[in-house]
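> Dropping a structure here in structure tokens format, bear with me for questions.
All of the numbers you see were taken from the coordinates with simple rules; none came from a lab. Only a predicted model underlies this, so the values are computations on that prediction, with no experimental measurement involved.
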Amino acid sequence: ICTDARVEGKVMEPSPDPVAFTILDSCISKKNKQTTFKLHHGRDIVMLPPSENGTESIIVLDSEGYTLSEFTRTTIKDEVGTDTIEWQKELTVPIFKGASSVDDVIEGRRILALFTGQPRLMIVGTRYMDGRTCILFSNNLTPPLEKAGKFCSLSDLMPGNESQVISGKEEMLELYLQQGEEVISFAELPSKKINEQSLVAIATQFRVMIISPVTAEILSEAPTRLACNSLVPMGSHCVSYCSASSATGCGIAKIRYLNCLEMDFSSGVIATLPTPRSGYAPHLLLAV
């Protein structure tokens with residue numbers, strides 16, 4: 001599904017990104033609760049850890065890629081006493097305070113919430129001026145969560161507070177990729193230390209990278225052609241992926257790893273997958 005995004009009255013090219021999502025809610029052993037199916041506008045969502053009183057929330061990137069919204073799960077009774085689950089919008093904020101020109105606008109396409117260490121939000125976007133892919137990290141000073149999975153809100157992930165425009169370009173850390181390079185997949189690398197900021201593994205059609213959200217710097221990278229889009233974390237500083245021997249993703253497939261060690265120790269092969277005797281065998285990396 002495509003949509004036309006408009007910035008300051010100018011119509012941009014239709015985007016191939018998703019424009020709607022749904023959340024399936026079901027309840028076991030309660031006859032008066034309904035399973036709801038409702039479409040909401042948005043390109044991407046992240047689930048927030050539930051609060052101590054059981055409140056569940058999500059953050060949604062809007063269908064045009066310029067604002068973020070926080071929705072809270074609520075239960076509403078109808079006329080006959082049946083409970084219906086609804087997701088109500090609590091807060092909507094622009095990703096940026098504003099841009100001096102249309103060329104400075106960055107259109108958000110994917111989001112990822114990081115909860116280990118300081119809560120941060122990663123946004124993958126495209127710069128309108130030249131179409132280059134940009135990776136943004138919120139540069140906030142929110143203290144680390146006291147424990148993993150503790151409740152946090154959109155205000156914790158982005159700088160500022162609810163009473164004002166939360167974010168601005170000067171408050172975001174930026175990393176621009178090469179011209180024509182697109183983000184295929186990403187994954188947060190888990191860390192057992194609550195005060196240690198987790199790293200992010202990102203795969204494009206040309207390489208796999210490990211990036212620090214604190215500095216937006218590439219700590220380690222390896223050129224590759226992916227045989228599948230999956231990235232599987234192997235600890236706080238290591239990720240595994242499936243590479244192909246040809247640019248089309250076919251040929252000999254190998255499961256490889258990338259870590260943050262120096263030089264020759266930073267990457268290697270875990271296993272070589274058997275070559276199919278006839279035809280093409282798609283690969284899906286689930287776990288290592």
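> How much length is gained on full extension from residue 53 to residue 271, taking 0.36 nm per residue of separation minus their Cα-Cα distance?
Numbers: separation 218, 0.36 × 218 = 78.48 nm, distance 4.59 nm.
Roughly 73.9 nm would be gained on extension.
> Using only alpha carbon pairs under 8 Å that are at least six residues apart, calculate the relative contact order of segment 184-279 and give it in whole percent. Walk me through the intermediate numbers first.
Numbers: 225 pairs, mean separation 19.3, N = 96.
It rounds to 20 percent for segment 184-279.
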